[in-house]
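Below is one structure, written out as structure tokens; comments come after it.
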Amino acid sequence: MNEALDPTRAGASNLEPLVDPDTFPLLAGARTAGRPLAYLDSAASAQKPAAVLDRMRDFYTHDYANIHRGVYPLSERSTEAYEDARARVARFLNAKSDEIVFTRGATEAINLVAYSYGERFLEAGDRILVSAIEHHANIVPWQALRDRRGLKLEVIPIDGNGRYRYGRAREAGRGCCAGLHHGGAPTRWAP
């Protein structure tokens, strides 16, 4: 077992990883300053477990082609694999396949929501709620949308224990909650 998972080690906390870091080749046994490496930038550059790397290598060496464009066997296999992945994610999220949109990362996904949902459905005076620990990538698109559409951007503060202080955020009104906590923010998970 990876040393980082040992609950008896000195300084152990209740913030243990949900997945054994040893399943990620880059993290397996990695150390910095003599301690197990804690990688906290997953929103920007998520490390991949060996099973994902193996499947990517297999795809790039046997099935890689444009999806939804070609009428040749290689493209058809790529399209089928892509749509199978979409269906699996949909089942996992209890959603419909056509509700699943793949993006290159969290920042692209946030921008897509801000510029598609926000431009279409939010009206002048509507509220956008973000938390005080959001990564800047989840604030900038909402600031731009606020300026273009006359919206109110409200920040939900965090108390000394890392808990949301909802206060006025609980008040009724139109708007959207623009994600509470972006995975790459250098803080503990706020409940």
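The values are calculated or read from the model by the stated rules, or taken from the named source; none is laboratory data. Predicted, not measured: the structure shown is a model, and the values here were computed from it. Quick reminder, even Gly has a Cβ in these numbers, built from the backbone with ideal geometry, and neighbours come from all protein chains shown.
Among residues of the stretch 110-138 that are at positive phi and free of Cβ contacts under 8 Å to residues at least 12 places away in the same chain, none has a beta-carbon under 8 Å from a residue that is small (Gly, Ala, Ser) and surrounded by fewer than 21 Cβ atoms within 10 Å (Cβ to Cβ) at least six positions away or on a different chain. In the set (1) under 23 Å from the mean Cα position of the chain (by Cα); (2) assigned to a helix (DSSP H, G or I), ARG168 fails one condition alone, (1).
Any residue in the stretch 183-191 that is among the hydrophobic types (A, V, I, L, M, F, W, C), surrounded by fewer than 12 Cβ atoms within 10 Å (Cβ to Cβ), assigned to a loop (DSSP other than H, G, I, E, B) and at pLDDT 90 or above? No, the stretch 183-191 contains no residue that is among the hydrophobic types (A, V, I, L, M, F, W, C), surrounded by fewer than 12 Cβ atoms within 10 Å (Cβ to Cβ), assigned to a loop (DSSP other than H, G, I, E, B) and at pLDDT 90 or above.
When each of ARG127, ARG120, ARG168, ARG149 is tested for being among the basic types (Lys, Arg), farther than 26 Å from ASP41 by Cα and crowded, with 18+ Cβ neighbours inside 10 Å, the lone residue that passes is ARG127.
In this structure, is ASP63 exposed (fewer than 12 other Cβ atoms within 10 Å of the Cβ) and charged (D, E, K, R)?
Numbers: exposed (fewer than 12 other Cβ atoms within 10 Å of the Cβ): no; charged (D, E, K, R): yes.
It is false that ASP63 is exposed (fewer than 12 other Cβ atoms within 10 Å of the Cβ) and charged (D, E, K, R).
Of the residues making up the stretch 11-36, those that are more than 20 Å from LEU53 (Cα to Cα) and modelled with pLDDT of 75 or more are ARG31, THR32, ALA33, GLY34, ARG35, PRO36.
Can you confirm whether TYR117 is of a type outside the set (Asp, Glu) and either in contact with a Ser or Thr (Cβ under 9 Å, 6 or more places away or on another chain) or at pLDDT below 85 (or both)? Criteria not met by TYR117.
Regarding TYR39, is this residue among the aromatic types (Phe, Trp, Tyr) and exposed (fewer than 15 other Cβ atoms within 10 Å of the Cβ)? Quick ask: steps written out before the conclusion?
Details: among the aromatic types (Phe, Trp, Tyr): yes; exposed (fewer than 15 other Cβ atoms within 10 Å of the Cβ): no.
Here the answer is no, as TYR39 does not meet what is asked.
Residues that are under 15 Å from PHE102 (Cα atoms), among the charged types (D, E, K, R) and in contact with an Asp or Glu (Cβ under 7 Å, 6 or more places away or on another chain) within the stretch 62-83 are absent altogether.
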